[in-house]
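Report on the following structure.
The values are calculated or read from the model by the stated rules, or taken from the named source; none is laboratory data. Keep in mind it's a predicted model, so treat the numbers as computed, not measured. Cβ: placed from backbone, ideal geometry, glycine included. Neighbour counts: every protein chain shown.
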């Protein structure tokens, strides 16, 4: 099982959601509004104080899935969230050791 975390621009949520709906075996996703900053490649020196106070609004998407659909999900997010501009976001893929469905007690991939 994998945990996919994607940071995207807010205006790309509809496109990403539509792309994910087309993939069989995507069991769901969570979306959170967040603010943050990255270490962008700036041409001029900006004082650290200004960098730390200038947060950018993004959305964080979390998906837990079976190993068999990871690449399809990542490719769909990457394509749908792409604008070609700096700050499009990032996608992380992490290993999940176990999952437990609270309502039924199912464990492992059956709980995803």
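Laid out as a table, the results:
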{"read-out": "Scope the stretch 98-112; condition on the phi > 0 side of the Ramachandran plot and either surrounded by 11 or more Cβ atoms within 10 Å (Cβ to Cβ) or touching a strand residue (DSSP E or B) at 6+ places or on another chain (Cβ under 7 Å) (or both); matching residues", "value": "108"}
{"read-out": "Positions within the stretch 70-97 being free of Cβ contacts under 8 Å to residues at least 60 places away in the same chain and touching a strand residue (DSSP E or B) at 6+ places or on another chain (Cβ under 7 Å), in sequence order", "value": "78"}
{"read-out": "Residue list for the stretch 61-112, restricted to those being farther than 23 Å from residue 17 by Cβ and in contact with a helix residue (DSSP H, G or I) (Cβ under 6 Å, 6 or more places away or on another chain)", "value": "100, 101"}
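Here's the yes/no breakdown for (1) within 14 Å of the chain's Cα centre (by Cα); (2) within 24 Å of residue 76 (Cα to Cα); (3) modelled with pLDDT of 95 or more:
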| residue | (1), (2), (3) |
| --- | --- |
| 6 | yes, yes, yes |
| 17 | yes, yes, yes |
| 21 | no, yes, yes |
| 25 | no, yes, no |
| 28 | yes, yes, no |
| 34 | yes, yes, yes |
| 43 | no, no, no |
| 48 | no, no, no |
| 56 | no, yes, no |
